[in-house]
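Trainee: Attaching a single structure in structure tokens format; questions to follow.
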Amino acid sequence: MAGDQPSLEELRRRIDEIDAALQDLLIQRIEVARQAGAAKQGGRARIRPGREAQVLRRLLRRHHGPLPKAVLVRLWRELFSVVTGLQGPLQVVVQAASGNDGICRLAAEHFGSQTPIQAVGSSAQVIKAVAQDDGTLGVLPLPEADEPQPWWPSLARKGASVPRIIARLPFMEAPAGRFGVAGALALGLLDPEDSGCDRSFFVMEAETELSRSRLRELLASADLSVLDLQSRAEGGVRWLHLVEVEGCFDASGAPIARLREVGEDAMLQIWPIGGYAAPLSLAELAPVQEAAQ
């Protein structure tokens, strides 16, 4: 009956109550997260890309109703950035060609609207900024085959101040052309963190060029699932091969140890250079199909 339906005034009152409850919960959420950050270390911003990915996937699994999943992810990405900023200074340095702000918009969407974004002209400037300050993150374009001066060889070295790949942007699969760039990789002074659905990069160094078939053979022998391969001659004395694989691996992990063993006669060094939680696919972001009544 029409009389059983709440009035517009009643509905507005309920919305106001829910808004206040949401605000109170957000305040509590931020405070608890701030305390958790302070319990680990003080005075420095510390992001955890693997943990963030786990939280978002868990929320999406339990989500229902008409609110788009992409909006849910955007809301929580803003929360993540606020909490990180409360732990200490945080800024993002982006390699962006003059007049092209697509990669800057991509970085701002991922790291939050309140995080300072600085655009610079070269990948070397980005890598240097990250290496000099653990409160700085870097964003670089995805590696492309046949680049005259790729940035990834700069990561093929040891040291606590050597940046590592920590995330792929955007974390949600986006329509082609939305940002004007295919995607980007974020760098930071962080160790790999397994989110449960990850991809890793490492650089294989050899004295001679290895064919793609030989590289795939070596990687298959180490039980590694290859996603991408790129190669570059360095100074005429060595070859560097960039490899992207499924899984989360570091230098001490069993897969890298197996690769060193099977490739002993072909390789000089293997340099793990980071990885990222796999972005959410369009299928994962699809509307929830509510059960029929």
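Trainee: Considering only the stretch 118-140, I want to know if a residue exists there that is out of contact with any helix residue (DSSP H, G or I) (no Cβ under 7 Å at 6 or more places or on another chain) and at positive phi.
Mentor: no
Trainee: Which of the residues belonging to the stretch 225-254 are within 20 Å of K158 (Cβ to Cβ), touching a residue at least 40 places away in the same chain (Cβ under 8 Å) and not aliphatic (A, V, I, L, M)?
Mentor: The answer is R232, E234, C248, F249, D250.
Trainee: Looking at the stretch 77-103, which of its residues are free of Cβ contacts under 8 Å to residues at least 24 places away in the same chain and either within 15 Å of the chain's Cα centre (by Cα) or on the phi > 0 side of the Ramachandran plot (or both)?
Mentor: The answer is G99, and nothing else.
Trainee: Another question, if that's okay. Return yes or no: is A21 within 29 Å of R168 (Cβ to Cβ), small (G, A, S) and at pLDDT 95 or above?
Mentor: The answer is no for A21.
Trainee: Next question, about the same structure. Give the residues of the stretch 180-224 that are touching a residue at least 40 places away in the same chain (Cβ under 8 Å) and part of a helix (DSSP H, G or I), sorted by residue number.
Mentor: Those that are touching a residue at least 40 places away in the same chain (Cβ under 8 Å) and part of a helix (DSSP H, G or I): R214, L218, L219, S221.
Trainee: In this structure, is L79 assigned to a helix (DSSP H, G or I), out of contact with any His (no Cβ under 7 Å at 6 or more places or on another chain) and modelled with pLDDT of 95 or more?
Mentor: It is false that L79 is assigned to a helix (DSSP H, G or I), out of contact with any His (no Cβ under 7 Å at 6 or more places or on another chain) and modelled with pLDDT of 95 or more.
Trainee: What's the number of the only condition in (1) more than 14 Å from R29 (Cβ to Cβ); (2) out of contact with any Ser or Thr (no Cβ under 7 Å at 6 or more places or on another chain); (3) polar (S, T, N, Q) that Q54 fails to meet?
Mentor: (2)
Trainee: Of the numbered conditions (1) buried (at least 17 other Cβ atoms within 10 Å of the Cβ); (2) over 27 Å from S231 (Cβ atoms), G196 satisfies every one except a single condition; which is it?
Mentor: If we test G196 against (1) buried (at least 17 other Cβ atoms within 10 Å of the Cβ); (2) over 27 Å from S231 (Cβ atoms), just (1) comes out false.
Trainee: Residues in the stretch 232-255 that are within 23 Å of the chain's Cα centre (by Cα) and assigned to a strand (DSSP E or B): how many?
Mentor: So the count comes out to 6.
Trainee: Looking only at the stretch 256-282, count how many residues are in a helix (DSSP H, G or I) and modelled with pLDDT under 80.
Mentor: 0
The values are calculated or read from the model by the stated rules, or taken from the named source; none is laboratory data. This is a predicted model, so every value here is computed, not measured. Don't worry about glycine lacking a Cβ; one is built from the backbone with ideal geometry, like all the others, and counts go over all protein chains shown.
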